[in-house]
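Down below is the structure, laid out as structure tokens.
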Amino acid sequence: MLSEKAIAWCDPASKSHDGQRRFAVPLLTYQGVVYPAQCDAMGHMNVQYYIAAFDQSSWHLMAAAGYSADWIRDRREGWADRRYEIDFRQELPVGSLFEIHSSVVKVGRTSLTTRHRLTNKVDGVLCAELLAVSVYFDLAARQSLPLPAAIVAAAGNLVEPA
């Protein structure tokens, strides 16, 4: 079952025959603009800001999978990013509008593999792509945990069609 916060911002008309909520996949998870302070000596957005934007998009994707920041406080469970593989394809100079669309690639026993595509909003060109593996984590014991059934079910609805 999705968290109440996730349900609140999804389209109430997007239910399947089984009554579960559905999202348009890949899901729009972030929109931004490149500011001068985010650019490096080469004149394009610096890597640290790509990472920050991808991190923001990850939170939105996890919320769509039913995870809420309340779980940090209430359940002491969260995520540990284990692997980031980024392909930078086109530079983003100052003033560039961009957006990130995200999807689930694989639902594992303790992890989710996700894809985040950062595109130039004006021309739709793919500028960077992140493939991430995030492990569900007991924040007190500092160990991986099996994914909760609710997240497994909801994340399955976020798998991008082939």
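The values are calculated or read from the model by the stated rules, or taken from the named source; none is laboratory data. It should be emphasised that the depicted structure is a prediction, and the values quoted were computed from it without experimental measurement. No Cβ is skipped: glycine too gets one built from the backbone with ideal geometry, and neighbour counts run over all protein chains shown.
Report, by residue number, each residue of the stretch 99-110 that is assigned to a strand (DSSP E or B) and small (Gly, Ala, Ser).
So in the stretch 99-110, the residues assigned to a strand (DSSP E or B) come out as 99-107.
Those that are assigned to a strand (DSSP E or B) and small (Gly, Ala, Ser): Ser102, Ser103.
Look at the stretch 105-137 and say how many of its residues are more than 25 Å from Gln90 (Cβ to Cβ) and in contact with a strand residue (DSSP E or B) (Cβ under 6 Å, 6 or more places away or on another chain). Outline the logic, then answer.
From the stretch 105-137, those more than 25 Å from Gln90 (Cβ to Cβ) are 106-112, 134-137; that's our starting set.
The next check asks that each one be in contact with a strand residue (DSSP E or B) (Cβ under 6 Å, 6 or more places away or on another chain); those that pass are 106, 110-112, 134-135, 137.
Number satisfying all stated conditions: 7.
Condition check: aliphatic (A, V, I, L, M), part of a strand (DSSP E or B) and at pLDDT 95 or above. Does Val122 satisfy that?
no
Out of the residues in the stretch 99-123 that are farther than 20 Å from Ala162 by Cα and without any contact (Cβ under 8 Å) to a residue 40 or more places away in the chain, state the one that is surrounded by the most Cβ atoms within 10 Å (Cβ to Cβ). First the steps, then the outcome.
So the first thing to find is which residues in the stretch 99-123 are farther than 20 Å from Ala162 by Cα, and the list is 99, 109-111, 120-123.
When the remaining residues are screened for being without any contact (Cβ under 8 Å) to a residue 40 or more places away in the chain, the result is 109-111, 120, 122-123.
On the way: Arg109: 11, Thr110: 15, Ser111: 21, Asn120: 16, Val122: 10, Asp123: 9.
Selected residue: Ser111.
Among the candidates Glu77, Glu91, Glu85, Glu99, which residue alone is touching a Cys at 6+ places or on another chain (Cβ under 9 Å), of a type in the set (D, E, K, R) and at pLDDT 95 or above? Give the steps one after another, and end with the answer.
On the way: Glu77 fails: touching a Cys at 6+ places or on another chain (Cβ under 9 Å); Glu85 fails: touching a Cys at 6+ places or on another chain (Cβ under 9 Å); Glu99 fails: touching a Cys at 6+ places or on another chain (Cβ under 9 Å).
Every option except Glu91 fails the conditions.
Select from the stretch 45-56 the residues that are touching a helix residue (DSSP H, G or I) at 6+ places or on another chain (Cβ under 9 Å) and touching a residue at least 40 places away in the same chain (Cβ under 8 Å) and list them in ascending order.
The one that is touching a helix residue (DSSP H, G or I) at 6+ places or on another chain (Cβ under 9 Å) and touching a residue at least 40 places away in the same chain (Cβ under 8 Å): Met45.
Note down all Cβ pairs under 8 Å where the first residue falls in the stretch 143-162 and is free of Cβ contacts under 8 Å to residues at least 12 places away in the same chain, the second is among the hydrophobic types (A, V, I, L, M, F, W, C), and they're at least six residues apart or on different chains.
Listed pairs, sorted by first residue: Gln143/Phe137.
With the structure loaded, tell me whether Arg82 is under 16 Å from Ser134 (Cβ atoms) and of a type in the set (Lys, Arg) or whether it fails that test. Please lay out each step first, then the result.
Numbers: under 16 Å from Ser134 (Cβ atoms): yes; of a type in the set (Lys, Arg): yes.
The answer is yes for Arg82.
Tally up the residues in the stretch 57-98 that are under 17 Å from the mean Cα position of the chain (by Cα), touching a residue at least 40 places away in the same chain (Cβ under 8 Å) and either exposed (fewer than 15 other Cβ atoms within 10 Å of the Cβ) or assigned to a strand (DSSP E or B) (or both), please.
The total comes to 11.
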